[in-house]
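In what follows, a single structure is set out as structure tokens and then discussed.
The values are calculated or read from the model by the stated rules, or taken from the named source; none is laboratory data. This is a predicted model, so every value here is computed, not measured. Positions of Cβ are backbone-derived with ideal geometry, glycine not excepted, and every protein chain shown enters the neighbour counts.
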């Protein structure tokens, strides 16, 4: 009987682990995000504190090789174009281990950014220390931060919109709605969504 009970416990534990939506504990809405210092594709180190006049940040974990990330590249550029002038720039971070995914190495990042005409910093999470702090699990995975005197407050976490396959068929622009509400001082109606993308390679 004890053996059966133990086996039953193991089955339940495995099921909970397998279907956990976010096994990495990271930031929640309202949490204060710590700053980081990561190398940009131009070789310079970038921190959120570099942006003295920013009102917030769109920290987006993305990469070169994931088809979902590739599908969103033009939309990420559009977000930066729209919101950087309003004080909310995109800060893109590649969280993948290049040893596990060679196409996501630093040199490949520079090539991809040049090919696509990235208008934003594209940083390498060297040592994979930053993405677990945020709780990112996918590429792409968005974290909207609002800059306050006390620090950078997490205001939205999740997907860019509701249709990764076709930008022309998007019905809910989650990130744009969140940034617009934040800048207007209004309540963000949808604060979290499920990020759709490739798993981060460790």
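Within the stretch 101-115, being within 13 Å of residue 126 (Cα to Cα) and outside any helix (DSSP H, G or I) holds for one residue alone: 105. Confirm whether residue 56 is more than 12 Å from the chain's Cα centre (by Cα), closer than 18 Å to residue 153 by Cα and surrounded by 20 or more Cβ atoms within 10 Å (Cβ to Cβ). Spelling it out, residue 56 is indeed more than 12 Å from the chain's Cα centre (by Cα), closer than 18 Å to residue 153 by Cα and surrounded by 20 or more Cβ atoms within 10 Å (Cβ to Cβ).
Looking only at residues in the stretch 66-86 that are free of Cβ contacts under 8 Å to residues at least 60 places away in the same chain and either in a strand (DSSP E or B) or touching a helix residue (DSSP H, G or I) at 6+ places or on another chain (Cβ under 8 Å) (or both), the one that is surrounded by the most Cβ atoms within 10 Å (Cβ to Cβ) is 73. Within the stretch 43-54, does at least one residue satisfy the condition of being under 24 Å from residue 163 (Cβ atoms), assigned to a loop (DSSP other than H, G, I, E, B) and either modelled with pLDDT of 95 or more or touching a strand residue (DSSP E or B) at 6+ places or on another chain (Cβ under 7 Å) (or both)? Scanning the stretch 43-54, I find no residue that is under 24 Å from residue 163 (Cβ atoms), assigned to a loop (DSSP other than H, G, I, E, B) and either modelled with pLDDT of 95 or more or touching a strand residue (DSSP E or B) at 6+ places or on another chain (Cβ under 7 Å) (or both), so the answer is no.
Of the residues making up the stretch 162-195, those that are in contact with a helix residue (DSSP H, G or I) (Cβ under 6 Å, 6 or more places away or on another chain) and buried (at least 18 other Cβ atoms within 10 Å of the Cβ) number 4.
Note on the stretch 22-34: among residues that are surrounded by fewer than 11 Cβ atoms within 10 Å (Cβ to Cβ) and closer than 23 Å to residue 126 by Cβ, the one that is modelled with the lowest pLDDT is 23. On inspection, residue 175 passes the criterion of being part of a helix (DSSP H, G or I) and within 19 Å of residue 93 (Cα to Cα).
Screening 188, 160, 196 for residues that are part of a loop (DSSP other than H, G, I, E, B), under 17 Å from residue 57 (Cβ atoms) and under 14 Å from the mean Cα position of the chain (by Cα) leaves exactly one candidate, 160.
Against the test of being outside any helix (DSSP H, G or I), farther than 14 Å from residue 179 by Cβ and in contact (Cβ under 8 Å) with a residue 40 or more places away in the chain, the options 133, 128 yield a single qualifying residue, 128. Every condition in (1) in a loop (DSSP other than H, G, I, E, B); (2) under 16 Å from residue 182 (Cβ atoms) holds for residue 58 except the one numbered (1).
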